[in-house]
1. Filter segment 75-128 for residues that are modelled with pLDDT under 95, surrounded by fewer than 16 Cβ atoms within 10 Å (Cβ to Cβ) and charged (D, E, K, R) and give the result.
2. Within segment 129-151, count every residue that is under 12 Å from Cys84 (Cβ atoms), more than 9 Å from the ligand (Cβ to nearest atom) and modelled with pLDDT of 95 or more.
3. Give segment 102-112 a look and list any residue that's in contact with a helix residue (DSSP H, G or I) (Cβ under 7 Å, 6 or more places away or on another chain) and within 14 Å of Ala133 (Cα to Cα), or say none.
4. Take the residues in segment 84-120 that are basic (Lys, Arg) and part of a loop (DSSP other than H, G, I, E, B); name whichever of them is farthest from the ligand (Cβ to nearest atom).
Amino acid sequence: MNDSANSDALPRLQGRGIVRKLSWLALVLAVGIGVHFALQGIIQSGDAEKRKGPDLARLEQLEATDPARATKARAGMLKYESICRLCHHRTGIGGKFTPPITGKTEAGIETLLKLYRDGVQMGPLTNLMAPWAAELSDEDISNLAAYIAML
Ligand code: HEC
């Protein structure tokens, strides 16, 4: 009699153990997911500027007034966003080791880019900049200058 009561209780106890284990697992998962999203929020909130796209409003304004120039600037923008932005920042303000490239005339930017392309030693970090300029065609340079001049 006693024996059969014990063998009935055993599976019930085991069942409760599994429920408890699963609750722990759910709790750990919930905390893990919470921490993941909180960290993601913290990391990304510091980086909002880096995730912003180019200033399309100004380009659209130019498209309305001077479509030919806007086409050049748009081509320059695509190039800038894919290469130059990495070091010179979205707005051309430069970075820790990179000079700002804003506030220059279009012709000035063209001249500088051609000097870098020709392999002229410019500043202390020319080695960082020259390989990128070496890849640019005359058309790229003129498009980039049109875009950078309006940054
Ligand atoms: C790997 C980082 C890097 C990339 C990518 C890069 N640059 Fe530069 N750029 C530099 C550095 C560093 C300098 C300063 C070099 C020196 O000391 O001579 C510079 C200088 C310049 C200058 C001259 C600024 C001045 O006042 O003398 C211009 C203009 C320029 N870059 C435009 C561009 C354009 C356009 C692109 C994209 C095709 C580009 N850069 C891509 C790092 C970079």
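1. Lys96
2. Of all residues in segment 129-151, those under 12 Å from Cys84 (Cβ atoms) come to 129, 132-133, 135-136, 140-141, 143-145, 147-148, 151.
So of that shortlist, the ones also more than 9 Å from the ligand (Cβ to nearest atom) come out as 143, 151.
When the remaining residues are screened for being modelled with pLDDT of 95 or more, the result is 143.
Qualifying residue count, segment 129-151: 1.
3. We begin by selecting, within segment 102-112, every residue in contact with a helix residue (DSSP H, G or I) (Cβ under 7 Å, 6 or more places away or on another chain); these are 106, 109-110.
Once the filter is applied, which keeps residues that are in contact with a helix residue (DSSP H, G or I) (Cβ under 7 Å, 6 or more places away or on another chain) and within 14 Å of Ala133 (Cα to Cα), segment 102-112 yields Ile109, Glu110.
4. Filtering segment 84-120 down to residues basic (Lys, Arg) leaves 85, 90, 96, 104, 114, 117.
Now restrict to residues that are part of a loop (DSSP other than H, G, I, E, B): 90, 96, 104.
On the way: Arg90: 13, Lys96: 10, Lys104: 7 Å.
Among them, the one singled out is Arg90.
The values are calculated or read from the model by the stated rules, or taken from the named source; none is laboratory data. Just so it is clear, the model here is predicted, and its values are computed rather than measured. All Cβ positions, even for glycine, are placed from backbone atoms using ideal geometry, and neighbour counts span all protein chains on display.
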